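Below is one structure, written out as C-alpha cells; comments come after it.
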Amino acid sequence: MARTAAYGRVKTHLDRTGLKHEDIKRNGFHSKTEKNGHGTAGACRQNRQESFEQAPMYVAVMTYLGYGIVTLFGYVRDFLRAVGLEKCHVAQERDEQKDFVPLYQDFENFYTRNLYMRVRDNWNRPICSLPGPVFDLMERVSDDYNWTFRLTGRTIHNVINVGSYNYLGFAENNADFLKTVADTTCQFGVGVCSTRQEMGNLSIHEELEKLVANFLGVESSMTFGMGFATNSMNIPALVGKGCLILSDELNHTSLILGARLSGATIRVFKHNNMHSLEKMLREAVCSGQTRTHRPWKKILIIVEGIYSMEGSVVRLPEIIALKKKYKAYLYLDEAHSIGAVGPSGRGVTELFDVDPTDVDVMMGTFTKSFGASGGYIAGKKELVDYLRSHSHSAVYASAMSPPVTEQIIRALKCLMGKDGSTEGIRRIRQLAENSRYFRARLKEMGFIIYGSDDSPVVPILLYMPGKVVAFAREMLDRRIGVVVVGFPATPITEARARFCLSAAHTRDMLNQVLHHLNEVGDRLCLKFSRRKYSSWPDLCEETDFELDS
C-alpha cells in the first residue's frame, strides 16, 4: 500500500522533458484493460508472416567446429610470429614504451588479426560511382593476405547493388529530380558552419521540420545532422538516474549507446517477446528500484520499427497496449521503416493502423529511404521544445547541410504528393512488390531467411564462417554486390548475408540476382530450409502485383 501511495504522488508532469500524458496519474499498474483499436488484428497477421526457421543441428555443430578450427590456426600463427617464422604486421608498442602498461591486451586483437584480416577483402570495397541499383567498383588485390591492398587500375562496371539502404531509390543523380537541390546549394552553400541555436538556423530547416511533423501526423519535430547521434545524444536527455529503460535485445548500437550514456538502469527483454516485456514491466512496477524499492521516475520502452539485422517488424499494437497498461513511455526508432512500409510510407504506425500520438517519442533517419543523411525526433510540442535546449546533438552539433535538407524536403514532398505527381506512391508500391517477390522466390529455393514479408531487409542465413567468405567472393565474381555479416555483429551461429531491396531494382535485376543466388546456393550448399513452399505464380508478372491503398 505504501508503494501504491508513492506511485500516486508522482505528478502528471514527471519532469521537464515533455514526456507526459495528461491522463496519467501514476507510473504503475491499473486494472482497466485497454484495447488498442484496429491494430490488434494486424498484429496477429503480421506475427504469422514472420519467419525465424531454425537450422538443422548439424549446421550449428559445423559452425562451432569451423570457428574452433580458425581459432586453433590463429594460435599457431601467433606462435610462428612470436618465434620469427612469420612476419608480424600487427601494430606494436615502441621499444621505449615496453615498460608501460599496454594500451590494450594482446588477446583483444586476436580475432581481428587472425580471423578478420584474412577475409577483410569482403568489406570496405572502394566504389567509384553513384551507389544506386548498380554501381562501379575499383578492383583491388592483396599480396600479403589482406594486410594491405593495391588498386589494379581496373574498374568492375555494373555491379548490382543489393546491399545499400536505398529503399525508395532517392539516392539518384537525375538532374531533373535534383534541380531544387542544386538551386538550394547555389543559394545557401554546402555548409552552415554553426549550430541551430547560433547562426545555423535556416528557413529550410524550419520548413523541413514542419513537413516531417505533418508527414508523421504529430504536433512537432526537430532534425539532426547525424542519424546515429539522434539516438545516442537524445536518449540521455530524456532519461537519467532513477529511470528504467526496457530495451529489445536486438536494438541498434546507437540505442544501446544512448541508453548507457543516460545513466538509467537498463533491462533487456527478448526480441519481440511480449511475455518477456510484460514480465519486466510488472516486476518494475511492483518492486520499484533495485535497492531502495522507490518507484521508478520513468519507464521507457525502446524498440525499432524494422530490425536491421533480422528484417523483423515490431509488434507495435501489443507494445502500445502494454505501455498504456503499465503507464510507461515508448521510444520508437523507425530508421529502417519510415518510408519503407505502410501504404503511403509513413512507417509501422501506418502499417498497423495505430495512432501516431500513442508513441511518445518517434525517431527516424533520413539515411535510408530519403537518400540523404541525418535524423529526426517527433512527438508532442513540449517534448521537442525541451530537446531543443537540452539535447547535446541540438546544442553542440553543426546544423544539417542545406543541400541535404533540400534533398529530404524533395523526397518528402514526393511521398506526400505535394510535387503534383504520383511518383512517391509508385516507389512505395514498387518496393513492396520487390520485397514480397524476392522473399517468395528465396523461400522456394530453400534458403533460410528471417523477418517479415513487408520488410525490405532480407537476411539469408549462411551460418559457417567459411561459407560467409566464399559467398561474398563468389557473388562479386558474378557482379552482385552483397553485404555479409558475422560474429560479433551477429550471434556466433547466425552469420548471414543481408540484402536490402530498393524500388529502383527492376524485375530483370532481381531475377538476375536470384539466378546467381540459386547457383551459388547449390554450389556452396546453403539451402538449409526444411520447409516446403508453393510457387507464387501471381508474382511472376511484374504488373500483377497491387498494394492495397
Debye intensity ratio in log₁₀ form over the Cα atoms of region 175-416, taken at each q of 0.08, 0.13 Å⁻¹: -0.30, -0.76
Accessible area (Å², 1.4 Å probe, nearest 10) - ASP353: 90
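Can you put ILE449, ILE425 in order of accessible area, largest first, using a 1.4 Å probe?
From most exposed to least exposed: ILE425, ILE449.
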Exposure rank, largest accessible area first [ILE320, ILE492; 1.4 Å]: ILE492, ILE320
Among ALA321, VAL119, GLN54 - extreme Cα towards positive end, dipole of the chain, charges at beta-carbon: ALA321
Heavy-atom accessible surface of region 175-416: percent carbon and sulfur, 1.4 Å: 54
Dimensions (Å) - the chain, Cα atoms, principal axes, largest first: 71, 64, 56
Probe 1.4 Å, protein heavy atoms only - accessible area per residue of region 175-416 in square angstrom: 37
ARG531-LEU130 pseudo-label distance in nm [points 7 Å out on the Cα-to-Cβ vector]: 3.7
Exposure rank, largest accessible area first [LEU202, LEU85, LEU412; 1.4 Å]: LEU85, LEU202, LEU412
Selection from ALA394, GLY379, VAL404, by position along the positive dipole direction of region 359-461 (Cβ): VAL404
Among ASN214, PHE110, CYS88 the positive-end extreme of the charge dipole of the chain (Cβ point charges): PHE110
Sequence-distant residues sharing a close amide H with SER220 (under 5 Å, placed H): GLY379, LYS381
Nitroxide proxy distance, nm - points 7 Å out along Cα→Cβ at ARG294 and HIS390: 1.7
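If the only charges are +1 at each Lys and Arg Cβ and -1 at each Asp and Glu Cβ, what is the size of the charge dipole of the chain around the Cα centre, to the nearest 20 debye?
In total the dipole reaches around 1800 debye.
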Accessible-area value, TYR64, 1.4 Å probe, nucleic acids and ligands omitted, Å²: 130
Of the DSSP H helices in the chain, those whose Cα atoms cover at least 27 Å axially and whose Kyte score averages -1.0 or more: 57-82
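The values are calculated or read from the model by the stated rules, or taken from the named source; none is laboratory data. Quick caveat: nothing in here was measured; it's all calculated off a predicted structure. Backbone-built Cβ (ideal geometry, glycine too); neighbour counts: all protein chains shown. All accessible areas refer to the heavy atoms of the entire protein, side chains included, with ligands and DNA or RNA removed. Shrake-Rupley method; radii C 1.70, N 1.55, O 1.52, S 1.80 Å.
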